[in-house]
Each structure stands twice: as C-alpha cells, then as structure tokens.
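Colleague: Please read through the structure below; I'll follow up with questions.
The values are calculated or read from the model by the stated rules, or taken from the named source; none is laboratory data. Remember, it's a predicted structure, so these values are computed and weren't measured experimentally. Every residue, glycine among them, receives a Cβ derived from its backbone with ideal geometry; neighbour counts consider all protein chains shown.
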Amino acid sequence: MAHYVPPKQGKASQLFDVIVLVVLTVGALFVPLWLGMAGAAKTVAAPVTEPTWEALGQNAAQAAKYEALGYTPESAHDLILARFDYSFSAGALLTMIAVILLYYFLILRFSEMEYREVISEKFGE
C-alpha cells in the first residue's frame, strides 16, 4: 500500500488562509461590540440620589480601592450599580439556532467531501 502524501499548499495560499482566519477572528470578537450587542452593562438598576460608599453597598476596603483608582462615590455610581441586560427576543434565538445548525451541516458536508477525497486518494475509486 502506498504511503499517503497530502497535496502541497503554496505560500500565497497559506498567507491568504492566515489573513482570512485573522479577519474572521477579529470580526467574531468586535462585530458584536460595534453592533451594540455585547460589552459593558448599559442600565443602572436603581439610581441612588445621594451616592455615598455605604449607599452604594461598598465597605471600607472596597471604597479605599475605588479611591485609589481615582473614583468618588459620584463617579463610581454608574460603574457599581450597572447591571447586564440578559433579555433576548424569540427571533434572535431562532436566528442563532438556525446559524448554528447551518454551520453544523456545512462542516459535516465539507468533512464528508474531504473524507471521501482522502479515501479515494488512498484506496482508489
């Protein structure tokens, strides 16, 4: 039986593959931020009218750390009380499920094609 030798890929193709992967990675990380779908919390649950460290629920050690970073109770108010919004819509959920299923079947199809190609090269038709 002949030893399998995979097809060679040129340097230009390798460079193109790396660029595409970097663009896809950066896109996957930053597009949700640019679209406002991810990132820091946007809503303050219950604003405090007279912010003090005690009213914000901070003990002396926490207050000292905030002050070391240059915060006052007024400037740390939104930072401390901001909460993430975990709400979603049914349409967004269904779209995400469809995208994941499409990706799964696409990878399954490409894997089958590659598998058949390798078997064909190794053992013939």
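Colleague: Could you pull out the residue among Val31, Val18 that is assigned to a helix (DSSP H, G or I) and exposed (fewer than 11 other Cβ atoms within 10 Å of the Cβ)?
Modeller: Val18 is the lone residue from the list that is assigned to a helix (DSSP H, G or I) and exposed (fewer than 11 other Cβ atoms within 10 Å of the Cβ).
Colleague: Here is a follow-up. Go through the range 34-49 and give me each residue that's without any contact (Cβ under 8 Å) to a residue 12 or more places away in the chain, assigned to a loop (DSSP other than H, G, I, E, B) and within 30 Å of Met96 (Cβ to Cβ).
Modeller: Scanning the range 34-49 gives Leu35, Gly36, Met37, Ala38, Gly39.
Colleague: Sticking with this one: Could you tell me whether the range 5-13 includes any residue that is surrounded by 10 or more Cβ atoms within 10 Å (Cβ to Cβ) and under 16 Å from the mean Cα position of the chain (by Cα)?
Modeller: No, that holds for no residue.
Colleague: Return only the number of the condition from (1) in contact with a Ser or Thr (Cβ under 9 Å, 6 or more places away or on another chain); (2) touching a residue at least 60 places away in the same chain (Cβ under 8 Å) that Lys122 does not satisfy.
Modeller: (1)
Colleague: Specify the residue that is farthest from Pro6 (Cα to Cα); the eligible residues are those in the range 81-125 that are surrounded by 11 or more Cβ atoms within 10 Å (Cβ to Cβ) and of a type in the set (Lys, Arg).
Modeller: Arg83
Colleague: Any residue at all in the range 56-66 that's farther than 30 Å from Ala82 by Cβ and at pLDDT 95 or above?
Modeller: No: zero hits.
Colleague: Further question on the same structure: Search the range 50-80 for residues being acidic (Asp, Glu) and part of a loop (DSSP other than H, G, I, E, B), and hand back the single one that is surrounded by the fewest Cβ atoms within 10 Å (Cβ to Cβ).
Modeller: Glu50
Colleague: Right, something else. State yes or no: is Thr25 closer than 30 Å to Arg116 by Cα and either in contact (Cβ under 8 Å) with a residue 24 or more places away in the chain or of a type in the set (S, T, N, Q) (or both)?
Modeller: yes
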